[in-house]
Amino acid sequence: MRTILNSRLIFVSGKGGVGKTTIASKLALLQAEAQHNTLIVELNSLGNVAKLFDLPSCPNTIQVINKTLHTINLTPAACFEEYVLRQIKFKFLFKTFFDNRLVKHFVSAIPGLNELLMLGKVIDLLKAYDHIIVDAQASGHGLSSLQVPYVVKRVVKFGPLHHQAQKIITALEDHNTTSVALVTLLEEMPVNETLESFATLTKTSSLHFAGVFINQALKNVPEILEAKKNLSQALKPYWQIYEFARMRFTGQQEQLQSLQKTFAASQLTSVAYLPNGAHNKTDLADLELF
Amino acid sequence: MNHNATQLQIVCGTGGVGKTTLAAALALKHALLGKKSVVITIDPAKRLADALGIKKLSDAPQKIFTNTNNGGATYAFMLEPKSTFDRLIHKYAPSPAVAEKILQNSIYQNLSSMISGSQEYMAMEMIFEIWDSGEFEVIVVDTPPLQNAIDFLLAPQKMVDLLRDSLLQHLLKPSLAQGAAQGILKMFDKIIGFEFLKNVAELVVSFQDLLSGFEARAAQIREVFKSKKCDFILVASPQVTAFEDVQNFAKTLNEMDYNLSAILVNRFFAGKVLSTAQITQDKTALAQIFKSSEAEFLVQNFQEHLPLIKQSDSFKTKIQKTLPKLKLNTILFEATDVHDLAMLVRIAKTL
């Protein structure tokens, strides 16, 4: 946990529905509380971070959560405009050649360009912030947006895109700056996917892997011997829900063991289960890491 | 045509709600009723294989369940987007040379990693191919995890639009090499790199010969999806935040003329909400049966689960109120993961 907070740029990835946004926001809150200027970045999402902090959805605009914590939801079209302006320097030229509709079309037609532009922008933003946490997109293949620069570098042998990809890879692979963290639940499918993502990550790149956040982890549910014969109808619900929690806890422990086979204890951080879920800033503050 | 009788069920929902598991359970339900069903997934993380307790799914539908009583059976199929696409190229290319040109293009070879939506597009193709074969009575489709469940349906059109992209085609036109257009070209070169753009444009142009085949196919798929033979099933978790998604999804499907027939509320936590007074009273009673620390824990644990019960109830009520025509099915929250066929069959029986 401590080591991951040292990274200036953290990509939070994982299977859909495991709580990437929650964990990314929690990490950012921790950084911001330590008085570091922190930014949470979403990559062309539905604006989930803004929602969590009760802000309106404003794509591609820096939104202020508090003095040390900002958020932005990057869009490919805006990143494209910025990228082009840097190359050609004249805004009027951009306006002349790329009206909005055209830009949108153009960006979506060049394979991999979306991801390259957004990742490039994230790296530029490092100049303005102490820490950046990226809530990486949910997809079937969790690490895909991080893999795009590698694919582009392989496919495009020279030219501006090749340079851009190389620039991004250099920043991503700088272990003093960048880390990747995975989020999982202690259930079979997310755990399997975490192990797969980790294997892909180590095989295809030299990104620094910071560790796994185990969301919705149940704290100890002790074994209680059943006293069935004395349980009245009114008290049965307590026992039923206990049995449910106990079974879930034992199941979680099994999954934890399979994570422990691959990861060192220092790479695993648990996030306590909140039955109501984390829907706002107060919930986030209540989230306990252990 | 025999395949006209094939029923199609598309299982949608955001990531992590249990689509894969429930799609498999739905397919099994049809087998329990004596039908021959197949469940298709394009999930690259091999999650269906997990849920079915088998390690690897092959390239062709694989039998995973036989109902000896009535001849029903379920097959599972995991889609491999690249090989599906390759097969299509061969099928629609006007000549083997054109097919070869596309297959050798370096961008094409990395298509699935470089173009989002290409996997969804391939899924649609595969569904249609299996539907067209008429081999199954019911096809259940597990859609890929997307932020927006509806994106899956838009993917084929997006792919066709992309291939139609006129801007890229113009890049290859000789007329562009002269006059004012030269400035534009220079700028493209500076921004993207002309060699790469040419490569992209070449791919797009090679695709033009195949486009009419693709478009005809996309239209056929749309027709099947909108027909009475196809219905959509939405999977959701009973969370406050999910309600809005459900409403939007139902609205969009309706606008697009697709048939949303049911919602499966997964991880439904059934139970009774007790008053604080009642709980205090019960605590005393529990303390007489269990050690005091144990009684304390039982009560605390119960209270911690109350929000789940409340959320489940209010979610169900809200859906029933706002979408009264929708068939609603609740699937109870299981303490253990669904990881084998027996558990899936048990769930199937409740659907």
Item to check | Matching residues, the range A:263-274, being touching a residue at least 40 places away in the same chain (Cβ under 8 Å) and part of a helix (DSSP H, G or I) | outcome: A:Ser266, A:Gln267
Item to check | Selected residue [touching a strand residue (DSSP E or B) at 6+ places or on another chain (Cβ under 8 Å), away from every other protein chain (no Cβ under 13 Å) and surrounded by fewer than 22 Cβ atoms within 10 Å (Cβ to Cβ)] from A:Ala210, A:Ala171, A:Ala181, A:Ala265 | outcome: A:Ala171
Checklist entry - Quick check, is A:Lys203 of a type in the set (Lys, Arg), surrounded by fewer than 23 Cβ atoms within 10 Å (Cβ to Cβ) and within 30 Å of B:Val200 (Cα to Cα)? => result yes
Checklist entry - Looking at B:Lys325, B:Lys318, B:Lys349, B:Lys310, which is the one that is surrounded by 15 or more Cβ atoms within 10 Å (Cβ to Cβ), away from chain A (no Cβ under 14 Å) and among the charged types (D, E, K, R)? => result B:Lys318
Next on the checklist: Based on this model, can you work out whether B:Val160 counts as surrounded by fewer than 19 Cβ atoms within 10 Å (Cβ to Cβ), more than 27 Å from B:Gly72 (Cβ to Cβ), modelled with pLDDT of 75 or more and among the aliphatic types (A, V, I, L, M)?
Outcome noted: no
Item to check | Candidate set: the range A:34-56, residues that are of a type outside the set (A, V, I, L, M, F, W, C), without any contact (Cβ under 8 Å) to a residue 60 or more places away in the chain and not in a helix (DSSP H, G or I); chosen: the one nearest to A:Gly120 (Cα to Cα) | outcome: A:Gly47
Checklist outcome for this item: Quick count over the range B:9-38, residues being under 18 Å from B:Cys230 (Cα atoms) and assigned to a loop (DSSP other than H, G, I, E, B), is 2
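One line per residue, one yes/no per condition, for (1) in contact (Cβ under 8 Å) with a residue 24 or more places away in the chain; (2) not hydroxyl-bearing (Ser, Thr, Tyr):
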position: B:Leu264; (1), (2): yes, yes
position: B:Ser275; (1), (2): no, no
position: B:Gln278; (1), (2): no, yes
position: B:Ile309; (1), (2): yes, yes
position: B:Lys318; (1), (2): yes, yes
position: B:Leu341; (1), (2): yes, yes
position: B:Val345; (1), (2): yes, yes
Checklist entry - Quick one: what pairs do we get from the range A:6-33, first residue closer than 12 Å to A:Ala278 by Cα, second surrounded by 24 or more Cβ atoms within 10 Å (Cβ to Cβ) and of a type in the set (Phe, Trp, Tyr), C-beta under 7 Å, 6+ apart or different chains? => result A:Ile23/A:Phe213
Next on the checklist: Would you confirm, using the coordinates I've provided, whether A:Lys26 is among the basic types (Lys, Arg) and within 14 Å of another protein chain (Cβ to nearest Cβ)?
Outcome noted: no
Checklist entry - Are any of the residues in the range A:57-72 within 14 Å of chain B (Cβ to nearest Cβ) and either part of a helix (DSSP H, G or I) or of a type in the set (Asp, Glu) (or both)? => result no
Next on the checklist: Any residue in the range A:247-261 that is without any contact (Cβ under 8 Å) to a residue 12 or more places away in the chain sitting within a Cβ distance under 6 Å of a residue that is of a type in the set (A, V, I, L, M) and surrounded by fewer than 18 Cβ atoms within 10 Å (Cβ to Cβ)? List the pairs, counting only those 6 or more apart or interchain.
Outcome noted: A:Met247/B:Ala335
Checklist entry - Which number in (1) under 20 Å from the mean Cα position of the chain (by Cα); (2) at pLDDT below 90 marks the one condition that B:His90 misses? => result (1)
Checklist entry - Can you tell which of B:Ala201, B:Ala218 is within 11 Å of chain A (Cβ to nearest Cβ), among the small types (Gly, Ala, Ser), in contact with a helix residue (DSSP H, G or I) (Cβ under 7 Å, 6 or more places away or on another chain) and crowded, with 17+ Cβ neighbours inside 10 Å? => result B:Ala201
Next on the checklist: So, in the range B:126-156, how many residues would count as being part of a helix (DSSP H, G or I), modelled with pLDDT of 70 or more, of a type outside the set (A, V, I, L, M) and surrounded by fewer than 17 Cβ atoms within 10 Å (Cβ to Cβ)?
Outcome noted: 3
Checklist entry - Taking the range B:246-282 only, how many residues are surrounded by fewer than 18 Cβ atoms within 10 Å (Cβ to Cβ), within 12 Å of chain A (Cβ to nearest Cβ), part of a helix (DSSP H, G or I) and over 31 Å from the mean Cα position of the chain (by Cα)? => result 3
Next on the checklist: Looking at A:Tyr129 and the list (1) modelled with pLDDT of 95 or more; (2) assigned to a helix (DSSP H, G or I); (3) not aliphatic (A, V, I, L, M), which single condition is not satisfied?
Outcome noted: (2)
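For (1) in contact with a helix residue (DSSP H, G or I) (Cβ under 7 Å, 6 or more places away or on another chain); (2) in contact (Cβ under 8 Å) with a residue 40 or more places away in the chain; (3) within 14 Å of another protein chain (Cβ to nearest Cβ), each residue gets a yes or a no:
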| residue | (1), (2), (3) |
| --- | --- |
| B:Thr6 | yes, yes, no |
| B:Gly13 | yes, yes, yes |
| B:Gly18 | no, yes, yes |
| B:His30 | no, yes, no |
Item to check | Candidate set from the range A:143-156 (those that are within 8 Å of chain B (Cβ to nearest Cβ) and either surrounded by fewer than 18 Cβ atoms within 10 Å (Cβ to Cβ) or within 30 Å of A:Val191 (Cβ to Cβ) (or both)); member that is modelled with the lowest pLDDT | outcome: A:Ser144
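The values are calculated or read from the model by the stated rules, or taken from the named source; none is laboratory data. Only a predicted model underlies this, so the values are computations on that prediction, with no experimental measurement involved. Cβ atoms come from the backbone with ideal geometry, glycine included; neighbour counts cover every protein chain shown.
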